[in-house]
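A short worksheet on the structure shown next.
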Amino acid sequence: MRTADSGGAAGLRVVVLGGTGYLGRRIGAALCADGALVHQVSRTPAQDGPADRQHVSMDLLAAGPRELTAFFRSVGPDVVINAAGRVWRGDEAEMTAGNADLVACVTAALAGLPRPPRLIQLGTVHEYGAGTPGAGTTEEQEPAPVTPYGRTKLLGTRTVLAAAEGGLDGVVLRLANVIGAGVPAGSLFGRVAAHLGAAARARHLGERPDELRLPPLRARRDVVDVHDAVDAVRAAATAPGTGLGGQVINIGRGEAVAMDALIHRMVELSGVDLPVVETVPDQPARTDAQWQQLDVSRAQRLLGWQPRRTLDASLRDLLSAAVPTPVNGRT
């Protein structure tokens, strides 16, 4: 069996759980292009992709450790990447099932293998809760999540870290808010991109588009381009040795970006003349963490990773996939 410390991804056997989701399908495609043998696991079939990127239909929430162990034994993976989970439009019980219970099943299944692979768990900045204004949050900060998503993802992180204490080569990549082409519509960026796309189509038909109405944009958030996030996973999958086991590693830009400025920049780049109106929300805000900034020095030290894409490049990618008109500026 190949191991993750043999250098490079060529020939590496990789399982991507949630392999047809927003991050999972991109991770699978990138590792496949690197020469890895990729198995994408999800309930929904893959829409495209090379023949050597195999799709495995499995309801991960219904599968128990025994079924997962049998699957892992049949594949003999060197690396398992958990990109599955529940983010949008779910209550806390549903998020617990997807973000915590599933991780417990996965770690139990991997522990039953004669030679467990490296497990890469995708965590989230929302596990930390509110950061300290003006400072980057390090991995040593005690998490204090304020949302169901953050709380349930933290349960998954703690399961991986506990398994690592028992010998599993498990690492958690704690991702900032991910942006780029095709970002889910449930996110702020996906919602704005969809509205701008509809506004552009209305303009083309000579109609007046609806104004962009959003809740107050007072927060500052760390964001990371989807390509940079994928590169971090690739680095973790191929990092030599077992030095990643038991580590939490922040993956972000390392800066707190003003959301109001970012949304107005999206509108500017879209070329759609559209007013942005901040309203009083009908429902409580999803999070009261007004400052999120990650310290990403550990990622540089352990993975040789750093963010490379500019915010404008990320926004242009996002808009080009949603707005049916040329996006202002050059990529």
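The values are calculated or read from the model by the stated rules, or taken from the named source; none is laboratory data. Remember, predicted model here, so these are calculated numbers, not experimental data. Here the Cβ is made from the backbone with ideal geometry for all residues, glycine too, and neighbour counts use every protein chain on show. To get the accessible areas, we keep the full protein, side chains included, count just its heavy atoms, and leave off ligands, DNA and RNA. Shrake-Rupley method; radii C 1.70, N 1.55, O 1.52, S 1.80 Å.
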Just to be sure before I move on: is Ala202 farther than 27 Å from Arg309 by Cα, of a type in the set (A, V, I, L, M, F, W, C) and either open to solvent by less than 20 Å² (accessible area, probe 1.4 Å) or at pLDDT 90 or above (or both) in the structure I sent?
yes
Taking first residues from segment 317-331 that are at pLDDT below 50 and second residues anywhere that are surrounded by 13 or more Cβ atoms within 10 Å (Cβ to Cβ), the pairs with Cβ under 7 Å that are 6 or more apart or on different chains are Gly329/Leu269; Gly329/Asp312; Gly329/Arg316; Thr331/Ala313; Thr331/Arg316
Of (1) more than 22 Å from Gly131 (Cα to Cα); (2) surrounded by fewer than 19 Cβ atoms within 10 Å (Cβ to Cβ), Ala261 fails just (1)
The lone condition Glu255 fails out of (1) in contact with a helix residue (DSSP H, G or I) (Cβ under 9 Å, 6 or more places away or on another chain); (2) in a loop (DSSP other than H, G, I, E, B) is (1)
Condition set among the small types (Gly, Ala, Ser) and farther than 25 Å from Thr310 by Cα, scope segment 170-199, selection surrounded by the most Cβ atoms within 10 Å (Cβ to Cβ): answer is Gly170
Within segment 218-240, residues open to solvent by 30 Å² or more (accessible area, probe 1.4 Å) and closer than 25 Å to Cys32 by Cα come out as His227, Asp231, Arg234, Thr238, Pro240
Subset of segment 145-164, residues open to solvent by 40 Å² or more (accessible area, probe 1.4 Å) and modelled with pLDDT under 95, comes to Val146, Pro148
Please verify whether Leu315 is buried (at least 18 other Cβ atoms within 10 Å of the Cβ), within 17 Å of the chain's Cα centre (by Cα), over 21 Å from Ala9 (Cβ atoms) and outside the structural domain of Arg201 (by the TED database), treating the condition exactly as stated. yes
For Ser270, state whether it is on the phi < 0 side of the Ramachandran plot, polar (S, T, N, Q), open to solvent by 40 Å² or more (accessible area, probe 1.4 Å) and modelled with pLDDT of 90 or more. no
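For (1) within 14 Å of Leu110 (Cα to Cα); (2) touching a helix residue (DSSP H, G or I) at 6+ places or on another chain (Cβ under 8 Å), each residue gets a yes or a no:
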residue: Ala135; (1), (2): no, no
residue: Glu140; (1), (2): no, no
residue: Pro145; (1), (2): no, yes
residue: Pro148; (1), (2): no, yes
residue: Arg151; (1), (2): no, yes
residue: Leu154; (1), (2): no, yes
residue: Val160; (1), (2): yes, yes
residue: Ala163; (1), (2): yes, yes
residue: Val171; (1), (2): yes, yes
If we ask which residues in segment 109-142 are surrounded by fewer than 19 Cβ atoms within 10 Å (Cβ to Cβ) and at pLDDT 95 or above, their number turns out to be 5
Filter segment 25-57 for residues that are at pLDDT 85 or above and in a loop (DSSP other than H, G, I, E, B); the one that is least open to solvent (accessible area, probe 1.4 Å) is Ala36
Taking segment 81-105 and keeping only residues that are touching a residue at least 24 places away in the same chain (Cβ under 8 Å) and in a helix (DSSP H, G or I), one is left with Glu92, Met95, Thr96, Ala97, Gly98, Asn99, Ala100, Asp101, Leu102, Val103, Ala104, Cys105
Matching residues in segment 58-94 (touching a helix residue (DSSP H, G or I) at 6+ places or on another chain (Cβ under 7 Å), at pLDDT below 85 and open to solvent by 80 Å² or more (accessible area, probe 1.4 Å)) number 0
Exactly one of Ala289, Ala299 is of a type outside the set (Lys, Arg) and at pLDDT below 90, and that one is Ala289
Among the residues of segment 227-262, the number that are farther than 24 Å from Phe189 by Cα and among the basic types (Lys, Arg) is 1
